[in-house]
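Please treat every number below as a calculation from the coordinates, not as lab data. Quick caveat: nothing in here was measured; it's all calculated off a predicted structure. Methodologically, a virtual Cβ is constructed for each residue, glycine included, from the backbone with ideal geometry; neighbour enumeration extends over all protein chains shown.
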């Protein structure tokens with residue numbers, strides 16, 4: 001019995017020391033960010049934790065519209081980063097964020113197809129060909145809005161086979177080979193071996209704007225502002241451009 | 001006391017839903033094409049899934065409840081797995097089975113059949129998650145009654161199908177109704193497997209639960225609330241209508 005309690009005590013102590021150096025005294029910074037920012041923000045978060053002792057960054061990635069809806073329903077977050085102005089405006093109008101939103105990155109759209117491009121898609125016009133199953137983000141998702149704008153600019157009218165709740169879900173359907181094509185951000189395709197991008201005519205392409213703001217409900221206001229400041233600095237911007245984004 | 005608290009867990013959300021619903025907008029919401037589409041798709045698919053669950057589930061329940069063979073417990077475990085599997089996982093599994101690159105992908109392709117992204121796909125997803133409810137209910141019912149009734153019928157000269165139709169089925173009818181109601185309710189409320197396997201397209205695969213979810217996140221929570229209320233209606237009606245046969249009424 002003695003041995004067992006010693007073992008349990010040791011285990012609890014070890015568990016307390018785990019978690020990347022986070023301890024009960026660390027302040028938590030919760031960042032709600034659009035799904036397209038997943039990889040780059042996780043790197044930015046690790047850098048931030050390393051250079052800011054005592055702050056533990058926690059991310060929640062989802063479609064921007066989902067994040068704003070959650071904030072509206074009382075979710076606790078300190079920073080909100082959306083993939084377009086429309087969802088950020090919703091947050092501003094709903095008094096869910098404080099201060100002026102800051103632009104932290106931009107992005108362009110691309111068509112994504114399974115590796116090998118089995119349907120030989122060459123541009124937006126090909127997406128409307130019969131037999132091509134296209135997946136788009138739902139209209140209320142920023143990527144969904146941008147995709148439809150690009151299609152309208154190209155004069156292409158198409159009916160997708162499914163409207164996904166986030167841009168990553170669009171990518172997944174194409175990666176799984178379920179859809180013949182999808183429209184996602186340039187950054188989403190970078191480094192994914194199961195898919196390849198097909199360019200969109202620059203005249204039709206839409207530039208996405210990523211905006212960041214501190215939330216009204218922020219528990220650690222100064223940590224949130226610090227994080228916001230870091231996002232526009234060189235190191236964070238490098239992570240973003242490495243991931244395929246355009247600098248702010 | 002504890003029972004009262006437990007009951008509150010159910011009462012409060014339902015009452016809140018009915019009280020907070022923006023009833024004045026209900027005309028507008030119901031009039032929208034996408035709402036009508038969602039209702040139509042939900043009703044069509046959930047009823048089809050229930051029918052399939054009955055047609056496939058009764059024989060399956062019979063085999064599990066009345067026969068024995070090596071590996072029967074494995075079959076039973078696998079058949080009831082969808083009940084404990086997270087629905088999205090079920091959806092992914094269905095994609096890996098019947099999707100383009102799935103196990104049956106090439107054969108379905110060759111036959112010109114496409115299941116994901118179609119209304120049929122919604123039915124498949126719902127049947128996958130809901131049939132186990134029917135199988136479990138029916139297996140219990142088939143096990144529990146006295147086999148001597150059937151034996152008596154047999155000695156009087158009735159054939160197997162006649163015995164099943166005239167003796168077995170009437171005896172298990174209440175369980176069948178209860179099982180069917182449960183199955184239909186599960187199929188109607190299905191979300192995770194549907195959105196993953198069949199996708200989401202208003203007019204083709206967007207069921208009421210999907211419509212409510214997307215309405216909630218597009219900044220139209222009032223629409224989501226009304227769609228949820230619409231979902232409540234058939235559920236309550238059926239529960240009321242079948243309470244005598246399911247033994248829920250005293």
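I want to verify a result. In a Gaussian network model of chain B, Cα cutoff 10 Å, which of these has the top mean-square fluctuation: B:194, B:207, B:35?
Comparing B:194, B:207, B:35 in the GNM, the peak value goes to B:35.
For peptide A:178-184, what's the mean number of Cβ atoms from other chains within 10 Å of each residue's Cβ? Mind showing how you got there, number by number?
Numbers: counts 11, 4, 1, 0, 0, 0, 0.
Mean partner shielding for this stretch: 2.
Out of B:57, B:91, B:159, any idea which swings most in a Gaussian network model of chain B, alpha carbons joined below 10 Å?
Comparing B:57, B:91, B:159 in the GNM, the peak value goes to B:159.
Give, in whole angstrom and from largest to smallest, the semi-axes √(5λ) of the equivalent ellipsoid of segment A:117-190, with λ running over the eigenvalues of the Cα gyration tensor. If you can, show how the numbers build up before the last one.
Numbers: eigenvalues 52, 47, 25 Å².
After scaling each eigenvalue by five and taking roots: 16, 15, 11 Å.
Using alpha-carbon positions, what is the distance between the centroids of segment A:98-161 and segment B:189-244, in Å?
Cα centroid of segment A:98-161 versus Cα centroid of segment B:189-244: 27 Å apart.
Where is the GNM fluctuation largest for chain A (alpha-carbon springs, 10 angstrom cutoff): A:221, A:116, A:182?
Evaluated over chain A, the most mobile residue of the options is A:116.
Shape of chain A from its Cα gyration tensor (a ≥ b ≥ c, root eigenvalues): rounded if a/c is under 1.5, otherwise prolate when a/b > b/c, or oblate? Walk me through the numbers before you get to the answer.
Values: a/c = 2.30, a/b = 1.66, b/c = 1.39.
Judged from the Cα gyration tensor, chain A comes out prolate (a/c at least 1.5, a/b above b/c).
Pull out the extension gain between residue A:242 and residue A:100, defined as 0.36 nm times the separation in residues minus the alpha carbon to alpha carbon distance; nm, one decimal.
Working: separation 142, 0.36 × 142 = 51.12 nm, distance 2.66 nm.
Result for the pair: 48.5 nm of gain on full extension.
Which order do A:93, A:72 fall in if you start with the one that has the fewest other Cβ atoms within 10 Å? Each step should come with its number before you reach the end.
Numbers: A:93 10, A:72 17.
So the residues, fewest neighbours to most, are A:93, A:72.
Run the helix sum for the protein assembly as shown: -39,500 (n - 2.57) per DSSP H stretch of 4+ residues, divided by residue count, reported at 222 nm to the nearest 500 deg cm²/dmol. Working shown, then result.
On the way: 21 runs with 273 residues, N = 498.
Computed ellipticity for the protein assembly as shown at 222 nm equals -17500 deg cm²/dmol.
Going by C-beta contacts inside 10 Å, put A:239, A:204 in order with the fewest on the left. Please report the intermediate quantities before stating the final value.
Values: A:239 22, A:204 18.
Ordered from fewest to most neighbouring Cβ atoms within 10 Å, A:239, A:204 come out as A:204, A:239.
Rounded, prolate or oblate: which fits segment B:1-128 when a ≥ b ≥ c are the square roots of the eigenvalues of the alpha-carbon gyration tensor, with rounded for a/c under 1.5 and prolate only if a/b beats b/c? It would help to have the intermediate numbers written out before the result.
Details: a/c = 2.50, a/b = 1.32, b/c = 1.89.
It comes out oblate by the Cα gyration axes.
What do you get for Rg/Rh over the protein assembly as shown if you use C-alpha atoms and the Kirkwood form of Rh? The partial results should precede the final answer.
On the way: Rg = 26.9 Å, Rh = 25.9 Å.
We get a ratio of 1.04 for the protein assembly as shown.
With the cut-off at 1.5 for a/c, could you classify segment B:110-250 from its C-alpha gyration tensor as rounded, prolate or oblate? Show your work: numbers first, answer last.
On the way: a/c = 3.96, a/b = 1.86, b/c = 2.13.
Oblate is the answer for segment B:110-250, as a/c is 1.5 or above yet b/c matches or exceeds a/b.
In peptide A:160-168, what is the residue-averaged number of other protein chain Cβ atoms found within 10 Å of each Cβ? Write out the running numbers ahead of the final one.
Working: counts 4, 10, 10, 9, 3, 6, 1, 0, 0.
Counting other chains' Cβ atoms within 10 Å and averaging over A:160-168 gives 5.
With the crude spin-label approximation of a point 7 Å out along Cα→Cβ, what separation in nm comes out for residue B:164 versus residue A:58?
With each label point 7 Å from Cα toward Cβ, the separation is 5.5 nm.
At a Förster radius of 25 Å, what calculated FRET efficiency corresponds to the Cβ-Cβ distance of residue A:115 and residue B:81, to the nearest 0.05?
Working: r = 33 Å, r/R0 = 1.30.
FRET efficiency, residue A:115 to residue B:81: 0.15.
If each of residue B:12 and residue A:28 carries a label point 7 Å out from its Cα toward its Cβ, how far apart are those two points in nm?
Computed distance between label sites residue B:12 and residue A:28 equals 2.2 nm.
Take the Cα gyration tensor of segment B:62-124, multiply each eigenvalue by 5, square-root it, and list the three semi-axes largest first, rounded to whole angstrom. Mind dumping the intermediate values first?
Numbers: eigenvalues 149, 44, 24 Å².
Semi-axes from the Cα gyration tensor: 27, 15, 11 Å.
What length, rounded to one decimal in nm, is gained on full extension from residue A:157 through to residue A:196, with 0.36 nm per residue of separation minus their alpha-carbon distance? Could you put the intermediate results ahead of the total?
Details: separation 39, 0.36 × 39 = 14.04 nm, distance 2.31 nm.
So the chain would gain 11.7 nm between residue A:157 and residue A:196.
Could you state the per residue volume, in Å³, of the convex hull enclosing the Cα atoms of segment B:124-197? Show your work: numbers first, answer last.
On the way: hull volume 5.7 nm³, N = 74.
Hull volume over Cα atoms, normalised by residue count, gives 77 Å³.
Kirkwood hydrodynamic radius for segment A:23-162: how many Å is it when counted over pairs of different Cα atoms? Spell out each step's value before the answer.
On the way: mean 1/r = 0.0577 Å⁻¹.
One decimal place: 17.3 Å for the Kirkwood radius.
Say R0 is 45 Å: what FRET efficiency, to the nearest 0.05, do residue B:40 and residue B:89 get from their beta-carbon distance? Write out the running numbers ahead of the final one.
Numbers: r = 28 Å, r/R0 = 0.63.
Rounded to the nearest 0.05, the efficiency is 0.95.
Taking the number of other C-beta atoms within 10 Å as the exposure measure, put B:23, B:161, B:184, B:62 in order starting with the fewest. Please list the in-between numbers first.
Values: B:23 12, B:161 8, B:184 24, B:62 16.
Ordered from fewest to most neighbouring Cβ atoms within 10 Å, B:23, B:161, B:184, B:62 come out as B:161, B:23, B:62, B:184.
Just to be sure I understand: of the beta bridges DSSP finds with both ends in the protein assembly as shown, what percent are antiparallel, rounded to 5? The partial results should precede the final answer.
Numbers: 22 of 38 bridges.
DSSP beta bridges in the protein assembly as shown are roughly 60 percent antiparallel.
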